[in-house]
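The values are calculated or read from the model by the stated rules, or taken from the named source; none is laboratory data. Keep in mind that this is a model prediction, so the values were computed, not measured. A quick note on method: Cβ atoms are made from the backbone with ideal geometry, for glycine too, and the neighbour counts reach across all protein chains shown.
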């Protein structure tokens, strides 16, 4: 069941992340275009190009994370039990991470299943049988990606059981 409401903060954060992308992509194109020209470009042009790419990239990342959290601001909270795990290899920067599958029984008696990215702090098998807090917007048992596992949920999960 969808909450059926549109959160104004989510709309503004969505616009903010698109605005950052609209600045980031052209600035990155200009910066890449300057590379072959090398010494023929004045030094004062490199600094602003790098600065605009860096700032718009960071602000876009913050806007995306805040937008995702704003989407789930009025969502239902649930506690589920981990029934399956998969350890994925990440990039050289991020390292491996764990995807857990969680079954949760809702107050009405329905059971939902969700997949959460819980990071890579522990071995995948150590998650099996643990309780995990998360947020969801629908009660559909088939909407496996309708899930938010943010800092609050992470803290509640770790406080409840040591992992």
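Could you please find all residues in segment 48-103 being assigned by TED's automatic domain parsing to the domain that holds residue 139 and under 15 Å from residue 24 (Cβ atoms)? If the condition is that a residue be assigned by TED's automatic domain parsing to the domain that holds residue 139 and under 15 Å from residue 24 (Cβ atoms), then no residue fits.
Based on what the data block shows, is residue 60 under 24 Å from the mean Cα position of the chain (by Cα) and over 30 Å from residue 144 (Cα atoms)? When the stated conditions are applied, residue 60 does not pass them. A single member of 42, 26 is at pLDDT below 80 and not assigned by TED's automatic domain parsing to the domain that holds residue 128, and it is 42.
Pick from 47, 60, 38: which is part of a helix (DSSP H, G or I) and at positive phi?
Values: 47 fails: at positive phi; 60 fails: at positive phi.
That would be 38, the only listed residue that is part of a helix (DSSP H, G or I) and at positive phi.
Filtered by the rule that a residue be touching a residue at least 40 places away in the same chain (Cβ under 8 Å) and assigned to a loop (DSSP other than H, G, I, E, B), segment 115-134 gives 121, 122, 128, 129, 130.
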